[in-house]
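Working notes, beginning with the structure itself.
The values are calculated or read from the model by the stated rules, or taken from the named source; none is laboratory data. Keep in mind the model is a prediction, meaning the values are calculated, not measured. Positions of Cβ are backbone-derived with ideal geometry, glycine not excepted, and every protein chain shown enters the neighbour counts. Quick note on the areas: whole protein, heavy atoms, side chains included, nothing else; ligands and nucleic acids left out. Shrake-Rupley method; radii C 1.70, N 1.55, O 1.52, S 1.80 Å.
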Protein chains: 2
Amino acid sequence: MTRRPLPKSIATVSLSGTLPEKLEAAAAAGFDGVEIFENDLLHFDGSPAEVRRMAADLGLQILLYQPLRDFEAMPGEVFARNMARAERKFDVMEQLGAEMVLVCSNVQDVAIDDPARAAADLRCMAEAAARRGLRVGYEALAWGRHTRRWQQAWDIVQRADHPALGLVLDSFHTLSLGDSLQGLDAVPADKIFFVQLADAPRLSMDVLSWSRHYRNFPGQGDLPVTDFARAVLQAGYTGPLSLEVFNDDFRAAPARLMAQDGLRSLIWLESEAGGTPLPEPPVLGGVDFIEFAVDYVAGRELAQRLESLGFAHAGRHRSKAVDLYRQGGINLILNAEQDSAAAEHFQLHGPSVCAIGLKVDDAHRAMARARALLCKEWREQVGPDERVIPALRSPDGMLFHLIDDRDADRSIYESDFLLETPAEAVHHGAGLSAIDHLAQALPANRLDSFVLFYRSVFAMQPEAVHEIADPYGLVKSRAMVSPGENVRIPLNVSESGCTATGRFVAAYAGSGVHHIAFRSERIEPTLEAIDRSRAAMLHVPDNYYDDVAARLALDDVLLGRLQRLGVLYDRDAHGEFLHAYTEPFHERFFFELVQRAGYLGYGAANAAVRMAAQAQLRHG
Amino acid sequence: MTRRPLPKSIATVSLSGTLPEKLEAAAAAGFDGVEIFENDLLHFDGSPAEVRRMAADLGLQILLYQPLRDFEAMPGEVFARNMARAERKFDVMEQLGAEMVLVCSNVQDVAIDDPARAAADLRCMAEAAARRGLRVGYEALAWGRHTRRWQQAWDIVQRADHPALGLVLDSFHTLSLGDSLQGLDAVPADKIFFVQLADAPRLSMDVLSWSRHYRNFPGQGDLPVTDFARAVLQAGYTGPLSLEVFNDDFRAAPARLMAQDGLRSLIWLESEAGGTPLPEPPVLGGVDFIEFAVDYVAGRELAQRLESLGFAHAGRHRSKAVDLYRQGGINLILNAEQDSAAAEHFQLHGPSVCAIGLKVDDAHRAMARARALLCKEWREQVGPDERVIPALRSPDGMLFHLIDDRDADRSIYESDFLLETPAEAVHHGAGLSAIDHLAQALPANRLDSFVLFYRSVFAMQPEAVHEIADPYGLVKSRAMVSPGENVRIPLNVSESGCTATGRFVAAYAGSGVHHIAFRSERIEPTLEAIDRSRAAMLHVPDNYYDDVAARLALDDVLLGRLQRLGVLYDRDAHGEFLHAYTEPFHERFFFELVQRAGYLGYGAANAAVRMAAQAQLRHG
């Protein structure tokens, strides 16, 4: 059964800016409606009727006004005052054109622990609302004084038994307590008035602080929001899916970017939860090529760097100023073509990775999914006989080309390049055979955006967050890995503008690939084969070897070999990892050579050594 | 009894940068020694002997090498490997000239829960250390597998009973568990080998995350570090007081600033804990004056703003281009003098508060205390017959003049200004009578520095942190209040460069006073008396009044009066707060008029309304 998509909504508190800016951002992203967070209205210098007109002009429904706090089960004398308060809010809602108000469970110490009393109070409120054609949704806050779980809220709604009173469900409040929606199928679908959605990283802190500062969009965190949404859909709910996120970073980020992420997360979630399906994600077959934007000078310099690492010039593009370098199964493209996406990229960012080719099982299905997830398609100019390769723009402007060789009689290198050697000939060079991983540096508040992009569009899974001490600040790293483990993209962020990562992001005017790791089956012969001085291999301090020997009990023979070649060493339960870095190229990116034998990580234990060595290069 | 000061030390992990930068910063601040954090050595591209020479050249002792982890009470086969690991570390220590190593309690799951076994292992290690003239300090980590409290570590040290094995105490590990040093007086002083100190804000999260990211210097957090240090001194400990702080902000902040804060915190702590005493803090008598750095044009404009608020020109400085404006008990100085601290301030920051006059009971004692706490003294040029006023520079360069009228026959205004009215005449103007508070905007990573400055130098106490939602990010506010509650300085920080506070900090090239609140006994007549349009009072949205009426059950008469005059309202258990803001002056600072009747806060409930209105002014 293919369901119709449910309406998509976002609470204004989830976005930065003034109320008009929030509404414009929600509309621009394509939301159907919004929840108006009360403070956003209070701080707006215009009447509720003006807000109503503005939303209508933007094509947005005002689906909910929220929250009304600390209403039910208060000591006797407070009830009348609270009803007067509710009536004033109803006045505002009528002007606003909001038909529903959210009442969240009472958090006051003086609130009375009596569901019957709570039900009676809410029944009065619902009756008053109904007289105006309004409705009341009751939600259990995870830190409510007595009502914390949705089952308790449902018990109270049942006791109140009023058609204008129903249940509001919120994924954060339920999942943060380790609760689930088990039993929701016993609730009549029309008593579920509204559903709010948020994810969050797993953090061990009090639930109130966690809720107020760290929520994020579904797919960005660690909570089982998909299970939650599935239970909601199975219960027959047909109302809006609405995001309510409190997040310090989101509050400071551009509202339009955040709104687009939000809608992407809901579209993805609905599909994952068994609602309107998206085209299946592509089966990734690895990184086919990496394309660098260069000009003539940077291109010559980069070519020399690559040659010193064992790469060979393999061909020239049929119609463009584009060169192909190859080694083992690695294809690197140096693009100096004027009037291209690469040239635009070069102008903004200098010599940098402007595109990545990903092998996929079905490029057209992959592109259809990406489009449904709000990604922009990119069409490059192609010459005669050249292959049309579907491409999409990632959130930082880098292109992903989707390479699908199913129906092609020859590879894109044969169709687009004048190859100097036969297509099937492999240049073994120094023994580098594949792209092991590539890392992106991102502004600190963009990590969640990219996690969602890779997860939703390519079905890559986020790994745990690592924290690495750069001499000038902490770097957080979270790897995205494809199901087949053949595409690995660690995402790195740094709050500090002083770390290598932070400086890179600042210098790069955005984000981008700053680290490319090539795999060798045996790193020692590879390092013997390359010109280590021209390749500018990063020097590793002797103190590192003293420690690694003591820490991992390496024998002196192995230690001597590692030290002579400047190789770093790590191991986990699955195997060994030997690796070596180059110095940065124009402070834009650096290369890593890795020998991975079963090992699952990225040498995070040694990343701090690399960062310190890079800092020493900069600071002398 | 006045004790000799104990040696002061800092662990290199507490500071940002490369190892040489860390050592230089510690030496520049005036520390006696350092703990070398192992990773700092591992990442340094030079031998331990070079580090030893560098430290010696800088006059720093290397007091400790740390940490050696997961040593004691491991399963059988691991012991020999761990002893070999220890021997390699002893080699390093000999080259480094570090006589003591810190062993922290084992965190491995496989560690054996047997104090006798732990003692036997540590005894072996101590014996090996003693053969080289080295010593071993054993510390209980708060998250150790079996040993978490100092009493357990002491039990193990006693069982081991080796002269080269002793106890390391750490305030964070003890206080984070809610433990204390009760019973320490039974430990022989010479078995306390080393004492590490850190404070931390009270956060409800797992102790490991809390420890790794949020520690700060004593006096900056909420832990009873003073009680801890007092117990250490009373136990007869005479070794170094050493800071060990893991903090994300500190890692990214300039090492020299942080090192100075660190030494200031130890000097203060030692005095508070009954060690070498500092001169008593001043008894503050309120803010005597605020001085603005202006040029001719900005001075004219500011004068008009002040006149519109009911201030009158009261006099001209005897020898400088400096004017005095007065109302009630408020003195405002507009300084346009060339070749002055004010002119320097103006050049850096534009029209801004460059100095504050504080009434103190004894200016010379206050200055002696400030100097002992590493504050720089400032000497202004004075003309004949003018008063010499001691002044010190705060961490952002603003001056604090210390006004002490005990021995003066006339006020500084009489001695330094040609007054237009008799000194005793009070200009009542619009009824503003006193400076209620002034707020400073700081870069996000400098909040702790200023908390420590105000706490240590002026004995002001930090209040709880408030979080306020600006439309473009979160603002944190923490007020410092003098014991007599007559000097109140809220400190505001914002991670986001997009909030009014964040933009202010960016625009201001540092930090500074951005908010000055004047008190009126009755704000309504004051607002009637001033020229509200020329004073540029900030407009408050009507929606605010709808909400405050519903929320606080205000009657319609009061509500109408508040709304007509644009007055905001709050109350707490102690009384009412009525207040109104002006628009900003040159995006540098704004004024607030307040009526405070018993109320203890700063209208934080309304600050978001103000921020939204200011944002609307900027964004139109």
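Remarks
- Helices (runs of 4 or more DSSP H) contained in the stretch A:473-564 and holding at least 3 residues within 14 Å of chain B (Cβ to nearest Cβ): A:500-507, A:542-552
- Residue within the stretch A:111-131 that is within 30 Å of residue B:473 (Cα to Cα), in the same structural domain as residue A:29 (by TED's automatic domain parsing) and surrounded by fewer than 22 Cβ atoms within 10 Å (Cβ to Cβ) present: no
- Of residues in the stretch B:53-65 being buried (at least 19 other Cβ atoms within 10 Å of the Cβ) and over 28 Å from the mean Cα position of the chain (by Cα), the one farthest from residue B:24 (Cα to Cα): B:65
- Just one of the numbered conditions (1) out of contact with any Pro (no Cβ under 7 Å at 6 or more places or on another chain); (2) modelled with pLDDT under 75; (3) more than 28 Å from residue A:562 (Cα to Cα) is not true of residue A:495: (2).
- Residues of the stretch B:158-168 that are open to solvent by less than 30 Å² (accessible area, probe 1.4 Å) and out of contact with any helix residue (DSSP H, G or I) (no Cβ under 6 Å at 6 or more places or on another chain): B:168 alone.
- All conditions in (1) part of a loop (DSSP other than H, G, I, E, B); (2) of a type in the set (A, V, I, L, M); (3) closer than 21 Å to residue A:411 by Cα hold for residue A:324, with the sole exception of (1).
- Exactly one residue among B:121, B:161 is more than 19 Å from residue B:89 (Cα to Cα) and acidic (Asp, Glu), and that residue is B:161.
- Here is the figure for the stretch B:97-106: residues that are among the small types (Gly, Ala, Ser), out of contact with any Ser or Thr (no Cβ under 9 Å at 6 or more places or on another chain) and crowded, with 20+ Cβ neighbours inside 10 Å total 1.
- Of all residues in the stretch B:566-589, none satisfies being open to solvent by less than 10 Å² (accessible area, probe 1.4 Å), assigned to a helix (DSSP H, G or I) and modelled with pLDDT of 90 or more.
- Complete set of residues in the stretch B:590-620 that are over 16 Å from residue A:44 (Cα atoms), of a type in the set (Gly, Ala, Ser) and open to solvent by less than 10 Å² (accessible area, probe 1.4 Å): B:603
- Failed condition for residue B:610, given (1) away from every other protein chain (no Cβ under 13 Å); (2) among the charged types (D, E, K, R); (3) outside any strand (DSSP E or B): (1)
- Residue in the stretch B:343-356 that is in a helix (DSSP H, G or I), charged (D, E, K, R) and within 24 Å of the chain's Cα centre (by Cα) present: no
- Filter result (open to solvent by less than 30 Å² (accessible area, probe 1.4 Å) and out of contact with any Phe, Trp or Tyr (no Cβ under 7 Å at 6 or more places or on another chain)) within the stretch A:1-14: A:6
- Against the conditions (1) open to solvent by 30 Å² or more (accessible area, probe 1.4 Å); (2) without any contact (Cβ under 8 Å) to a residue 40 or more places away in the chain; (3) over 14 Å from the mean Cα position of the chain (by Cα), residue A:222 satisfies every one except (3).
- Test: residue in the stretch A:367-383 that is of a type in the set (Val, Ile, Thr) and at pLDDT below 90: yes
- Hits in the stretch A:214-231 - residues which are in a helix (DSSP H, G or I) and within 19 Å of residue A:262 (Cβ to Cβ): A:214, A:225, A:226, A:228, A:229
- Exactly one residue out of B:94, B:50, B:87 is open to solvent by 40 Å² or more (accessible area, probe 1.4 Å) and farther than 18 Å from residue B:137 by Cβ, and it is B:50.
- Total residues in the stretch B:269-300, condition open to solvent by less than 40 Å² (accessible area, probe 1.4 Å), among the acidic types (Asp, Glu) and either part of a helix (DSSP H, G or I) or under 20 Å from residue B:456 (Cβ atoms) (or both): 1
- Each residue in the stretch A:353-397 was checked for being β-branched (Val, Ile, Thr) and within 20 Å of residue A:332 (Cβ to Cβ), and 4 pass.
- Which listed residue is among the small types (Gly, Ala, Ser), in contact with a strand residue (DSSP E or B) (Cβ under 7 Å, 6 or more places away or on another chain) and under 24 Å from residue B:489 (Cβ atoms), from B:535, B:573: B:535
- Residue match in the stretch A:577-589 (condition: touching a Ser or Thr at 6+ places or on another chain (Cβ under 9 Å) and closer than 15 Å to residue B:41 by Cα): no
- Boolean, residue A:310 is open to solvent by less than 30 Å² (accessible area, probe 1.4 Å), modelled with pLDDT of 95 or more and assigned to a loop (DSSP other than H, G, I, E, B): yes
- Checked against (1) touching a helix residue (DSSP H, G or I) at 6+ places or on another chain (Cβ under 6 Å); (2) within 14 Å of chain B (Cβ to nearest Cβ); (3) open to solvent by less than 50 Å² (accessible area, probe 1.4 Å), residue A:207 passes all but condition (1).
- The sole residue among A:52, A:69 that is assigned by TED's automatic domain parsing to the domain that holds residue A:123, out of contact with any helix residue (DSSP H, G or I) (no Cβ under 8 Å at 6 or more places or on another chain) and touching a residue at least 24 places away in the same chain (Cβ under 8 Å) is A:69.
- Residue tally, condition surrounded by fewer than 21 Cβ atoms within 10 Å (Cβ to Cβ) and either within 14 Å of chain B (Cβ to nearest Cβ) or not in a loop (DSSP other than H, G, I, E, B) (or both), over the stretch A:232-251: 3
- Meets criteria (of a type in the set (Lys, Arg) and either within 14 Å of chain A (Cβ to nearest Cβ) or touching a Lys or Arg at 6+ places or on another chain (Cβ under 7 Å) (or both)) for residue B:149: no
- The listed residue being within 14 Å of another protein chain (Cβ to nearest Cβ) and touching a strand residue (DSSP E or B) at 6+ places or on another chain (Cβ under 9 Å), out of B:88, B:135, B:69, B:123: B:69
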